[in-house]
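Everything below concerns the one structure shown next.
The values are calculated or read from the model by the stated rules, or taken from the named source; none is laboratory data. Source: prediction; values computed, not measured. Cβ placement follows ideal geometry from the backbone for every residue including glycine, while neighbour counts extend to all protein chains displayed. The accessibility values were calculated without ligands, DNA or RNA, using every heavy atom of the protein model including side chains. Shrake-Rupley method; radii C 1.70, N 1.55, O 1.52, S 1.80 Å.
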Amino acid sequence: MIEHWNDIAGSFHPASALDFLPVQQLRELQLNRLRATAQRAYDTVVLYRQRFDASGVKPQDIRTLDDIQHLPFTVKTDLRDTYPFGLFASPMSEVVRVHASSGTTGKPIVVAYTKDDVDVWASVMVRSFAACGLHRGDIIQNAYGYGLFTGGLGAHYGAESLGATVIPISGGNTDRQIMIMKDFGVTAICCTPSYFLHIIERAGELGIDIHTLPLKAGVFGAEPWTQAMRERIEAESGIKAYDIYGLSEIIGPGVGIECSEQNGLHIFEDHFYPEIIDPDTCKPLPDGEEGELALTTLSKEAMPMLRYRTRDITCIVREECPCGRSIRRIKRISRRSDDMFIIRGVNVFPSQVETALLRVEGTLPHYQIVLSRKGGLDQIEVAVEVTAEFFSDTVGPMEALHQKLSDSLENVLGIHATVRLVEPHTIQRSEGKAKRVIDNRNL
Ligand code: DLL
């Protein structure tokens with residue numbers, strides 16, 4: 001082992017110097033860590049050793065960072081196939097925590113952490129909170145779910161290490177969330193963006209305007225959301241809405257976050273090495289080109305991940321960030337390759353529907369997409385809630401709104417979608433990740 005990870009993981013200083021390392025130094029650190037990670041994976045995990053041997057590559061062949069291109073990819077089914085502990089690179093006696101993420105079918109995927117891994121995780125969460133201006137003295141309401149989901153404990157230990165006061169409220173019980181936010185003088189909240197919308201709405205019903213509270217920032221992630229959604233959230237609550245990204249397989253929340261520029265997410269690339277690949281050919285794409293994000297952990301001990309194919313679509317931002325951080329940025333992840341559905345031969349992403357809907361005034365940011373098949377033909381229906389003022393008996397304004405939404409959807413999607421205007425509160429609210437698409441086509 002070339003170094004003790006924590007020597008470099010840093011002193012938990014909020015504005016971590018690691019965000020601002022000279023690029024050359026950062027690349028050297030990454031190369032050393034990549035070599036050590038590949039060696040550890042090869043030495044301790046059967047699946048990795050088999051993959052390396054089959055491709056004729058050895059960890060010692062890594063001489064430059066570009067050599068990462070010769071390493072094998074890892075995919076979600078690798079975690080399923082080795083369920084529960086087959087990808088662990090540490091003996092169980094060194095694993096201090098496991099988390100799990102439920103997939104759409106069957107068994108969950110299981111991820112593991114050593115003591116040093118949880119320390120690294122807290123350190124990247126400290127850097128995340130610091131990037132959105134939070135520090136000791138802040139009161140952070142953590143409404144990500146506690147438990148096997150990484151959101152709750154990941155944000156929790158990061159907020160504590162930051163020196164902030166954490167309210168470990170977890171998700172749900174919205175009225176209590178609002179009471180505590182108000183009574184405890186909460187200054188920042190962590191939850192999914194869709195759940196925060198629900199909180200804003202419920203607060204309104206209770207006669208509480210979030211603008212009047214000390215709340216100043218939201219650390220929102222775990223699901224795709226759009227710039228239009230950010231604008232709605234910020235306008236309706238008066239807070240700054242920051243985008244935080246992460247996934248269980250890599251560590252949990254804290255893989256990347258926006259800074260005060262709110263223009264792309266900085267990846268903590270001293271720990272997580274990003275590549276953008278063409279999802280069809282798996283060839284690396286140049287900076288600025290959109291493709292699938294593949295991530296390699298550079299310091300994970302219990303469960304190293306080599307070139308993990310996230311299915312998340314983004315690109316690496318070419319320009320340097322005005323904030324001065326040398327760690328690179330990716331564009332917000334507004335979609336996953338596997339969220340895409342095909343309607344009458346046209347590829348559609350839920351984020352496109354969201355953008356089209358939020359362009360039109362009079363709608364609420366609550367919507368659901370229902371896919372069905374009639375007489376062999378695919379149909380797409382978009383149910384969208386309308387503000388109480390609009391949802392009136394007068395037919396004229398409703399018809400005009402309906403037309404505007406249909407036009408906007410057709411404009412953005414390139415196909416006709418049936419719009420169904422529904423009353424406020426008709427669409428089920430989520431306390432975690434929102435379910436945007438219901439596919440009744442039995443494909
Ligand atoms: O969602 C970890 C997390 C918790 C991230 C809290 C941020 C905040 P998983 O449940 O494993 O982990 O889901 C990971 O969620 O591959 C993306 O598709 C999606 N995702 C996470 N953050 C974002 C984001 C957590 N900011 C999967 N924007 C990822 C878009 C996101 N998608």
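Overall, the ratio between the Cα radius of gyration of the chain and 2.2 N^0.38 Å, rounded to two decimals, is 1.01.
When a 1.4 Å probe is rolled over the protein heavy atoms, the share of accessible surface on the stretch 340-439 that falls to carbon and sulfur comes to 51 percent. Ordering of 167-180, 115-128, 266-279 by packing is 115-128, 266-279, 167-180, highest average first (other Cβ atoms within 10 Å, averaged per residue). In the stretch 278-295, which residues have a backbone nitrogen under 18 Å from the label point lying 7 Å from GLN227's Cα in the Cα-to-Cβ direction? It comes to 288-291, nothing else. Normalised by the number of residues in the chain, the mean separation of alpha-carbon contacts (under 8 Å, six or more apart) gives a relative contact order of 14 percent.
The listed peptides 307-313, 406-412, 207-213, ordered by packing as a protection proxy, come out as 307-313, 406-412, 207-213 (highest mean of other Cβ atoms within 10 Å first). Between the amide H of ILE316 and those of GLY288, GLU289, distances stay under 5 Å, these residues lying 5 or more places away or on another chain, with hydrogens modeled in the peptide plane. Across the stretch 302-319, coupling constants 3J(HN,Hα) worked out from phi with the 6.51/-1.76/1.60 Karplus curve, θ = phi - 60°, read 5, 8, x, 10, 9, 6, 6, 7, 7, 6, 7, 9, 6, 8, 7, 6, 6, 6 Hz, and Gly and Pro carry x. When you count the other C-beta atoms within 10 angstrom of each residue and take the mean per peptide, 233-239, 159-165, 317-323 line up highest first as 159-165, 233-239, 317-323. Using a 1.4 Å probe on the protein heavy atoms, what percent of the accessible area of the stretch 103-175 belongs to carbon and sulfur? Looking at the stretch 103-175 in its full context, I get 56 percent from C and S.
Sequence-distant contacts, meaning Cα pairs under 8 Å at least 6 residues apart, place the relative contact order of the stretch 340-439 at 33 percent. In the context of the full set of protein chains, residues of the stretch 163-262 present 32 Å² of accessible surface per residue (probe radius 1.4 Å, heavy atoms only). Summarising the amide proton neighbourhood of GLY171: residues at separation of 5 or more, or on other chains, whose placed amide H is nearer than 5 Å comprise GLY145, TYR146.
Restricting the calculation to Cα atoms, the stretch 136-292 shows an Rg/Rh of 1.01 when the hydrodynamic-style radius is the Kirkwood one.
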